[in-house]
Amino acid sequence: MEIFLNFWILPILFILHDFEEMICMPLWKRRHRQILDKMEKPFFGQVTNGQAFSVGVLEEMLILIVASIICSLSHNYTLYLAFLIAYTFHFVMHYKMCLSVKRYVPGVVSATIQLPFMIWLITSYWTLSQTSILELIMYLAPVFFIVFINLLMMHKIMPVIQEKLLAYAK
């Protein structure tokens, strides 16, 4: 199992999860337009174009790659653990979306498949880090802040990217 306990498993799991979202999101949004039109904040933001959504996924992937490089070079298991927890926490949003519309939402299948493995990874990295809960919270706070702010920014930027991609296609 040591092969999984390196600093590169998170970007790999992220892209596997986001493949489901990238492939299914545009079709799902088209199919469920009536439900989404009634929402104040539609799932996956205003983006309907798969390429624009993929740009957002790429940007998030780059953050995880940078985090993996930093953690790998510094052997910082606690920082990596914080990113593992933040990634796993975002699964809750997929479940919440599913429950609110009472149907499949892109990302929930891969989240469900990955959840037991993520719990194992979190437990393993917590053991490796030998960190206290207080120290972990000190790492989690900035990681959650970075992830949250980045998500907000990407949801504002992706519609602009979508417009530019569509204009380029004309």
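So what is the relative contact order of the chain, in percent, for Cα pairs below 8 Å that sit 6 or more residues apart? Please list the in-between numbers first.
Details: 127 pairs, mean separation 57.0, N = 170.
34 percent.
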- When the Karplus curve 6.51 cos²θ - 1.76 cosθ + 1.60 is applied with θ = phi - 60°, which whole-Hz ³J(HN,Hα) does each residue of the range 73-89 get, with x for Gly and Pro? 5, 9, 6, 8, 5, 5, 4, 5, 4, 4, 5, 4, 5, 4, 4, 5, 4
- Residue-averaged 222 nm ellipticity for the chain, from DSSP H runs of 4+ at -39500 (n - 2.57), nearest 500: -28000 deg cm²/dmol
- Could you tell me how many degrees, from 0 to 90 and to the nearest 10, lie between the Cα long axis of helix 133-169 and the main elongation axis, the longest principal axis, of the Cα atoms of the chain? 30 degrees
- Message: Give the aspartates and glutamates whose C-alpha is closer than 14 Å to that of residue 29, dropping any in the same chain fewer than 8 places away, or say none.
- Response: 20, 21, 37
- Protection proxy ranking, peptides 137-148, 30-41, average beta carbon neighbours within 10 Å, highest first: 137-148, 30-41
- Task: Counting only C-alpha contacts under 8 Å and six or more residues apart, can you give the relative contact order of the range 8-61 as a whole percent?
- Result: 46 percent
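Since every read-out is calculated from the coordinates, none of them should be taken as a lab result. Here the structure is a predicted model, which is why all the values come from computation and not from measurement. All Cβ positions, even for glycine, are placed from backbone atoms using ideal geometry, and neighbour counts span all protein chains on display.
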